[in-house]
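Worksheet for the structure shown next.
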Amino acid sequence: MNRCVKVDELLLFWTHICGKFDVPDPLQRKWWEYLVQRYNEPQRAYHTMRHLQELRYNMLTIEERIENPYLFGFTLFFHD
């Protein structure tokens, strides 16, 4: 896998799943900023934006077997 974190792809995914749950744009942005800040904390060795991206890529390989991929997507962002 490319080791470069593609934050724009994660943001697009975040926006997409938030839209499926009718999360208002200001709340989407607020939580996105919060999550990015938390995942970029210096003490994090594993639960980072790169880890989140890897989870998203793994999700894509099994997405057709996931009953509710949007709910599952939220769990990726909040699993830590």
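Which entry in (i) 17; (ii) 25; (iii) 33 is this structure's computed percent of Cα pairs over 21 Å apart? Correct label is (ii).
Backbone geometry of the range 66-80 corresponds, through the Karplus equation with coefficients 6.51, -1.76 and 1.60 at θ = phi - 60°, to 3J(HN,Hα) couplings of 8, 4, 10, x, 6, 5, 4, x, 4, 5, 4, 6, 10, 6, 8 Hz, x marking Gly and Pro. Other residues within the sphere of radius under 13 Å centred on the Cβ of Phe72, judged by their own Cβ, net out at 0 (K and R +1, D and E -1).
With θ taken as phi - 60° and the Karplus curve 6.51 cos²θ - 1.76 cosθ + 1.60 applied, the whole-hertz 3J(HN,Hα) list for the range 22-33 is 6, 6, x, 3, x, 6, 4, 5, 4, 5, 4, 4 Hz, x standing for glycine and proline.
With contributions of -39500 (n - 2.57) from each DSSP H run of at least four residues, the per-residue ellipticity at 222 nm computed over the chain stands at -21000 deg cm²/dmol.
Residues whose amide H falls under 5 Å from that of Lys6, counting only those 5 or more places apart or on a different chain, are absent, with hydrogens built in the peptide plane.
Once you sort the root eigenvalues of the Cα gyration tensor of the range 1-41 as a ≥ b ≥ c, which label holds: rounded (a/c under 1.5), prolate (a/b larger than b/c) or oblate (the other case)? Here the range 1-41 falls in the oblate category.
With K and R counted +1 and D and E -1, the other residues having a Cβ less than 12 Å from that of Phe13 yield a net charge of 0. For the range 39-45, the Karplus equation 6.51 cos²θ - 1.76 cosθ + 1.60, evaluated at θ = phi - 60°, returns couplings of 5, 9, 4, x, 7, 6, 9 Hz by residue, with Gly and Pro reported as x.
Any read-out appearing in this document is the output of simple, stated calculations on the displayed coordinates, not a laboratory observation. Predicted model, so just to flag it, every value in this text is computed and none were measured. So basically every Cβ, Gly included, is an ideal-geometry build from the backbone, and we count neighbours across all protein chains shown.
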